[in-house]
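Structure first, commentary second.
The values are calculated or read from the model by the stated rules, or taken from the named source; none is laboratory data. Remember, predicted model here, so these are calculated numbers, not experimental data. With ideal geometry, Cβ positions are generated from the backbone for all residues, glycine too; neighbour counts draw on all protein chains shown.
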Amino acid sequence: MTLWFFQNFFHISIFSVSVFLTVPLYESKMDLSQYCKKCLLFLPMERLETNSSVFDLDIISNYQRGVYIMAQNREFVWRRLHSLLGVIPIGVFLIQHLVVNHFAAISEEAFNNAAHFMESLPFRIFLEVFIIYLPILFHAIYGIYIAFTAKNNTSRFGYFRNWMFKLQRWTGVITLIFIAWHVWETRIAAAFGAEVNFNMMADILASPFMFAFYVVGVLSAIFHFANGLWSFLVSWGITVSPRSQVIATYFSIGVFVIVSTIAIRALVAFI
Amino acid sequence: MAENKTVRFIITRQDTPDSASYEEEFVLDYRPGMNVISALMEIRRNPVNAKGEKTTPISWDMNCLEEVCGACSMNINGKPRQSCSALVDQLEQPIRLAPMSTFPIIRDLQVDRSRMFDSLKRVKAWIPIDGTYDLGPGPRMPERKRQWAYELSKCMTCGVCLEACPNVNSKSDFIGPAPLSQVRLFNAHPTGEMNKAERLEAIMGDGGLTNCGNSQNCVQSCPKGIPLTTSIAALNRDTSIQAFKNFFGSDQI
Ligand code: HEM
Ligand code: SF4
Ligand code: FES
């Protein structure tokens, strides 16, 4: 039953991610800079720019305009892709990873079995590349770009959401540093022959410094995910009314507390 | 009550658009009910700074003097707001005045808000009713909806929300909350709605809606109490639907 769930779940995720990865790739092959913005005819742009406030757009179809918008103004697509990937698959992977880790709080053997089960999933490298590496890479690179185009101003505007805005960017950067180190220490080490198991983590976390580093890294990833869920709901227009946004804030706090408890219990179990 | 009460101002000044800024201090006699603009007018009448030196009058923008035109916005004690409605009695002293940093400075406290008007053009924040013949009356607007839309129509392009937004800065092309909310206003109008898709597509362009990172400073700062973040979230929903229609096709234009 569990096996069935994991197998199918991964296939469904792969499918949806590939679709969303291909859309911008496909669109970016089209060079429409030479085309008229309004009708997609091959016309010199300068002449059209001078009289751009026209309402005669109705002569072309929504589809044509849509193609133009997506090809010329890609930011919308990139931003929505960034937002989507943060939840599916990265957020889902984060939860799954922390739940598997939590087997350590049950017993060493339970953890090793769970880790071994994950390692022996079919098409492992394929799953890793499409569900973990590529989405995180894209989300992180674009996320850094987003984070550094902001000019934080919590000292002048110390409102709650402005703090969350700043923390979302900071925790993104902290999480990136943590993930890079964590992947180096575990997955890359595994590629060079180390065995990833309970003992490996116990060794790493035996150092108080590394334990603190893991606590900070994991908590920042969870904060980033929980607060990211809140902004995901806004970014896609799911929570529109102020009231629904307040309730979503409580929900995201709940997610943070519950997931953090699971994660910290697992970390403590290794020492 | 022998000695006169005074008011101290520290003003960030700049002589030309490209020169360096500097601070100048002024001490004025207190008058009951004075506001920041009446103080600036007092300095204009007698341009002498706190050191007793003669200086140039301060340059600033104003028009309505009743918080409806948006021209007189500046940073007052660090917060962007209208100087015509900023009462000295309610401000902590010394009162610090500085131009809004989001906009190019023309001189002293006077800034160039053209980018906002350009954005309004870009998002087609108007209702096209001109034809080659009389198009007749448009559809009626329900009174309840009119009252609701009136709130959105109060925007005076003052620039406070752009100044408050961490994503509106020299590193980004974000057009800011005000023009976005205007798209919601014009899309809600029964005639304006006929061009809904074009406005949505305009804000789906670079520098548009998706640049919002939800700091929600705008809604906290807007002097007109416009529900900017509700507008943004509603537009996020509308553009989700529009993107779906554009990509997969739709039997409606
Ligand atoms: C554990 C890995 C991560 C998860 C689960 C995750 C999840 C999310 C989610 C769900 C969002 C909300 C999307 C939205 O606003 O619609 C988000 C936003 C964001 N992420 Fe991540 N993320 C991760 C790693 C990173 C990394 C490594 C960075 C690099 C700096 C980053 C930077 C950002 C930024 C800047 C935003 C804000 C985007 C915005 O407000 O428009 N994230 N993330
Ligand atoms: S939305 Fe409010 S803060 Fe922004 S420009 Fe309009 S009136 Fe000013
Ligand atoms: S002068 Fe018009 S808002 Fe202040």
(request) Could you check B:Arg144 against (1) surrounded by 13 or more Cβ atoms within 10 Å (Cβ to Cβ); (2) within 23 Å of A:Gly237 (Cβ to Cβ) and say which number it fails? (result) (1)
(message) Cβ-Cβ under 9 Å, sequence separation 6+ or interchain: first residue in region B:53-70 and within 14 Å of chain A (Cβ to nearest Cβ) and without any contact (Cβ under 8 Å) to a residue 40 or more places away in the chain, partner aliphatic (A, V, I, L, M) and within 14 Å of ligand 3 (Cβ to nearest atom). Which pairs?
(response) none
(message) Here is a check on your reading of the model: is A:Val196 surrounded by fewer than 18 Cβ atoms within 10 Å (Cβ to Cβ), of a type in the set (Val, Ile, Thr) and part of a helix (DSSP H, G or I)?
(response) no
(request) Please state which one of B:Ile241, B:Ile203 is in contact (Cβ under 8 Å) with a residue 60 or more places away in the chain and within 19 Å of A:Leu81 (Cβ to Cβ). (result) B:Ile203
(message) Name the residue that is nearest to ligand 3 (Cβ to nearest atom), counting only residues in region A:152-184 that are under 17 Å from B:Ser221 (Cα atoms) and among the charged types (D, E, K, R).
(response) A:Arg156
(request) Report, ordered by the first and then the second residue, all pairs with beta carbons closer than 8 Å, sequence separation of six or more or different chains, a first member in region B:99-120 that is surrounded by fewer than 22 Cβ atoms within 10 Å (Cβ to Cβ), and a second member that is basic (Lys, Arg). (result) B:Phe103/B:Arg113; B:Phe103/B:Arg115
(message) On the basis of being in a loop (DSSP other than H, G, I, E, B), more than 16 Å from ligand 2 (Cβ to nearest atom) and either away from chain B (no Cβ under 14 Å) or touching a helix residue (DSSP H, G or I) at 6+ places or on another chain (Cβ under 7 Å) (or both), does A:Val215 make the cut?
(response) no
(request) Please indicate, with yes or no, whether at least one residue in region B:15-22 is within 21 Å of B:Leu91 (Cα to Cα) and either under 25 Å from the mean Cα position of the chain (by Cα) or surrounded by 13 or more Cβ atoms within 10 Å (Cβ to Cβ) (or both). (result) no
(message) Taking the condition of being within 30 Å of B:Asn75 (Cβ to Cβ) and within 14 Å of chain A (Cβ to nearest Cβ), how many residues in region B:119-151 meet it?
(response) 7
(message) When the residues of region B:213-230 are narrowed to those that are closer than 17 Å to B:Asn187 by Cβ and assigned to a loop (DSSP other than H, G, I, E, B), which ends up nearest to ligand 3 (Cβ to nearest atom)?
(response) B:Ile226
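For (1) at pLDDT 95 or above; (2) away from chain A (no Cβ under 13 Å); (3) closer than 20 Å to B:Pro128 by Cα; (4) out of contact with any Cys (no Cβ under 9 Å at 6 or more places or on another chain), each residue gets a yes or a no:
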{"residue": "B:Cys165", "(1), (2), (3), (4)": "yes, no, no, no"}
{"residue": "B:Ser170", "(1), (2), (3), (4)": "no, no, no, yes"}
{"residue": "B:Val183", "(1), (2), (3), (4)": "yes, yes, yes, yes"}
{"residue": "B:Phe186", "(1), (2), (3), (4)": "yes, no, yes, yes"}
{"residue": "B:Ala197", "(1), (2), (3), (4)": "no, no, yes, yes"}
